Every structure is written in C-alpha cells, then in structure tokens.
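The values are calculated or read from the model by the stated rules, or taken from the named source; none is laboratory data. Please read all numbers here as calculations on a predicted model, not as lab measurements. Cβ placement follows ideal geometry from the backbone for every residue including glycine, while neighbour counts extend to all protein chains displayed.
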Amino acid sequence: MSFQLYNSASRKKEVFRPIKNGEVGIYVCGVTVYDLCHIGHARSAIVFDVLVRYLRARGFKVTYVRNFTDIDDKIIERANKTGEDTATLAKRYINAFYEDMLSLGVLDADIEPKATEHIDDMIDMVRSLIEKGFAYVVDDTVYFSVEKFDSYGQLSGRQIEDMAAGARVAVDEKKKYPMDFVLWKGAKPGEPKWKSPWGDGRPGWHIECSAMSCKYLGPNFDIHGGGRDLLFPHHENERAQAMAANGVNFANYWVHNGFLTVEGEKMSKSLGNFITIRDALTSYHPQELRLFLLSKHYRSPLDFSRSAMLETRSGLVRIYRTLQRVEEIIGPYKNDTNNTFLYHVGDNDFKNRFIHVMDDDLNTAAGLGLVFDKVRDINRLIDSPAQKTDITSQLVKERKDLLDCSKALGLLEGEPSHFFKKIIKTSPEVAAEEIEKMIKERQKARKAKDWASADAIREELSRKGVILEDGPKGTGWRLRI
C-alpha cells in the first residue's frame, strides 16, 4: 500500500505523491512565544515529529520547516506586563520551547525561522499582492481583499457570503469588506515597528507563514501542517495570500491534528485546567506523555485525564519490563539502526504490518497496537516451558524489530534502567535511591540469614508499589502499576 494522508483541502485520504521523487518539504506552524507551551502544543509537536520520523524511515529526504512567531499582539501585551522588551521575552520562551521539546524527544526542525528575521520577505509579498490587485492600502495599513481571490474558503469548506453574514459588526472601519484581513498594520505608540513602503509598522500574523514557507520550500511544496484550530482563519488566509502572490498552488496536502481536552473540558486558564508541558512532566515520565498523545489517531479528539495517564503508565511499564527481561538474557541493546530502517524490510512480517498501518494516514494507534502485540509475543517466547532450543538469536531479532518500529514513534529510545529510575520520581512515596538502599539492606539481612528482616523490607517496598525480583544476577525491581 502507498503512503496515504488525509488532506484537509479535499476532505479525504489521498495517496501521497511528492513534488520531487524521494523528497518531501513540510512546513508546520510553530508557537507564538509569549508563554510556556501546554500539552496541546505537545500533541501537535509530537504528531508532526512522528510524520517526519516516519517519512525518513521510509526513505524520503525530508526538509522540515517550523517557525516561531516572535512578534504578535500577545507578545507585546505580555512584555508590557513584565517590563521586558518583546525580543527578550520571545527569546526566553523560545529557549523554554526547546527545553520542553528536548524532554519529549521531539527532534529539532531542519529550519526554524523567526518572524522578525523575515520582515523584508513579508514586505516583498505584500508589495506583490498590491501590484496584482489582491490588496489595498488605507493610510498606513494594508488589507487583503478576499473578494478578489476566487477560491477563498475552499480549504476550510466555507462560503464567503456565509462568513461575511456571520461576521461581527466591523471592528475596523477601514476595511472594504468584513472578511478582509490585515497584511501590514501601522505602528502604535510604544510598539515594535519596521520601515515599509506604507509607513512604519509590523506584519499581520497570517503573512509571516506564507512568506517564510515559500522562502524555504518554494511557492509550491508538499505538506503544510498544524493544529485544527489553525484551519480557519490562519491557514485559509495563508493559502489565499501565497496563491495570489505566486500564481501557483501553495501546499499540496494540508494536515491537521485534532483537539485535546482535559477531563472532558476545553483547556483554559479560567477553568483552572491549563496544563503546561512542564506541569505534566512533574507527574508523568516524558515517554508516558508521548505514548498517550500517540494513543489515538492524530485527527481524533483526545482527552487528557489522570485515569488515562495511569493506564498509559501501566502499558509503558509493561513494555520496559519486557525489554529489561530481554536484556537480562542477551545483554544491552546496541543501536545500529540507520535512518531509513523501514525502507527495505524484505519479508519481515512485523515491520511490513507496521508499515501497512502507518501508511494508512499515520495510524499511530494501530502501530502501537502492534508494538504491544510484539511485547506479548516476546514474553511468551521467554516464558514458554516447552522452549528447549537457544532463543538468543530469536530474541535479538524480536527486540530489534520492536525498537526499530518504536523509533519511528520516538518511543523506547532509553535504556530500561534509566526509565525506571526516572519514572519513580513521579511517585512521591519512594525515591530510586531509597529503593537501592533498601535492597542492599535486604541483601545484608539475607546473607546473615535474618529472614524476618529481609521479608519485612520486601513487604515495605511492596506497600510502596515496588516489586522485587530475585534472579541469578541479583535483585531487580519494578513498579506495580
């Protein structure tokens, strides 16, 4: 089966055909850097991280562009409150973004442009739109005329007449038509500004992504992505500007991830359910959050809850405990996987099944189902009482298949011991160092044949959710979930 993506523009799944054979250009709208990233941002970042990982694993050469909006009304408002200049505030939150993405295992994009570094590109596009009759100037402000662009509304499936009828009473009296939007806005006192042919000011929000995507990927590229909340008006306006300015199709495929709610409610600071990535990682391992955010199809709505996260933890612990068991038999994993590990898989049944489900619109939920099936099979192999032959070589292959496919999802890249030591930090009852100390005390008691003390230590750890497992190589431990 060929790789298929759901195209928001056509509202159906389509076979993916890149413009250049074997190469893919992807642009994803990044964050507006006025605050810490929340778990909704995490979902979008992880979805497109997996898309890039998977395409590369399948042999494509991917150029991934993800921007930063570092000038915006919200940034100006926040900077005024904190007493910082906008550049300092934006830089602080860009650094925080990188820290959060590193924690979640999200790869850097190949190109990460900032809006303030591309003002000239935006001015050039606005100038072109004016010259071609798609934009008009009123005083020091430039507007895009949606009535001049025939296919406005096609991306989001809206009729311009209905949108205009439903628009609020004009907030901006300068506009000729209610749905017209700003390309360049005149400067207000005290705000950052740049020189332009229409006076000092700054770009509108929509023009920045049109200008930057075309600069780095060309006027027509393969995939444009972002959260579903950006479909209208941001992506609709991006598409209109770019196509009007360049006279060619903009993005061939539009990919949008679904909404994320918290305990059934829209995430909102006013509701007290606004969860930053950093808040979430104080209670959950980064791999838990990543696994949860991939547990449903990327286009489906997803509800974040304590119960769902505990269920995710249980599954992830099961996987890592299996990897730990395998490690005890055949030793640590040595990563010798190249970047195109799902390109030539031959008759490898497991990888072919994984490719089949992932080729169907990046179905990570089905892909994870296969991962858990593989974990079950590995445990059965280890536990089989009828197993009389050496299973070492088979376990080597089974583990490699499991980890290769998990790598496409950005999962299971750490050693089991590191996972268990880190996950215990989210359990306030006991710390990893304390567990190791108690295990040593128990070993001393056993050597002294003080069985009562040894049993008491085991029981105390058990009450705290820690299970001890004695083996030929010593005593290991794991969490009871």
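Restricted to the range 112-137, and to residues that are touching a helix residue (DSSP H, G or I) at 6+ places or on another chain (Cβ under 7 Å) and part of a helix (DSSP H, G or I), which residue is surrounded by the fewest Cβ atoms within 10 Å (Cβ to Cβ)? Top of the filtered list is Ser128. Assessment of the range 23-45 against the conditions (acidic (Asp, Glu) and either surrounded by fewer than 19 Cβ atoms within 10 Å (Cβ to Cβ) or assigned to a loop (DSSP other than H, G, I, E, B) (or both)) yields at least one matching residue.
Taking (1) more than 26 Å from Glu265 (Cβ to Cβ); (2) among the hydrophobic types (A, V, I, L, M, F, W, C); (3) at pLDDT below 95; (4) assigned to a helix (DSSP H, G or I) in turn, Leu310 satisfies each apart from (1).
So that you can scan it fast, the table gives a plain yes or no per residue for (1) of a type in the set (Asp, Glu); (2) in contact with an Asp or Glu (Cβ under 6 Å, 6 or more places away or on another chain):
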| residue | (1), (2) |
| --- | --- |
| Val62 | no, no |
| Val65 | no, no |
| Asp72 | yes, no |
| Arg78 | no, no |
| Ala109 | no, no |
| Lys114 | no, yes |
| Glu131 | yes, no |
| Asp139 | yes, no |
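Of all residue pairs spaced 6 or more apart or on separate chains, those with beta-carbon atoms under 7 Å, a first member in the range 1-23 that is outside the structural domain of Gly226 (by TED's automatic domain parsing) and on the phi > 0 side of the Ramachandran plot and a second member that is at pLDDT below 95 and in a loop (DSSP other than H, G, I, E, B) are Arg11/Gly157.
Among the criteria (1) within 26 Å of Glu288 (Cβ to Cβ); (2) out of contact with any strand residue (DSSP E or B) (no Cβ under 9 Å at 6 or more places or on another chain); (3) surrounded by fewer than 19 Cβ atoms within 10 Å (Cβ to Cβ), the one Asn338 does not fulfil is (1).
Tyr320 - would you say it is among the aromatic types (Phe, Trp, Tyr) and either assigned to a loop (DSSP other than H, G, I, E, B) or under 21 Å from the mean Cα position of the chain (by Cα) (or both)? So Tyr320 does not fit the description; no. Being surrounded by 15 or more Cβ atoms within 10 Å (Cβ to Cβ), in a strand (DSSP E or B) and modelled with pLDDT of 95 or more is a property that holds for Val142.
Check Tyr343, Tyr333 and return the single one that is modelled with pLDDT of 85 or more, over 25 Å from the mean Cα position of the chain (by Cα) and not in a helix (DSSP H, G or I). Break it down into steps so the answer makes sense when it comes.
Numbers: Tyr343 fails: over 25 Å from the mean Cα position of the chain (by Cα).
So the residue among Tyr343, Tyr333 that is modelled with pLDDT of 85 or more, over 25 Å from the mean Cα position of the chain (by Cα) and not in a helix (DSSP H, G or I) is Tyr333.
Taking the range 46-66, which residues are part of a helix (DSSP H, G or I) and in contact (Cβ under 8 Å) with a residue 60 or more places away in the chain? Ile46, Val47, Phe48, Asp49, Val50, Leu51, Arg53, Tyr54, Arg56, Ala57, listed by residue number. Take Val106 and tell me if it is surrounded by 14 or more Cβ atoms within 10 Å (Cβ to Cβ), in contact with a helix residue (DSSP H, G or I) (Cβ under 6 Å, 6 or more places away or on another chain) and not in a helix (DSSP H, G or I). It is true that Val106 is surrounded by 14 or more Cβ atoms within 10 Å (Cβ to Cβ), in contact with a helix residue (DSSP H, G or I) (Cβ under 6 Å, 6 or more places away or on another chain) and not in a helix (DSSP H, G or I).
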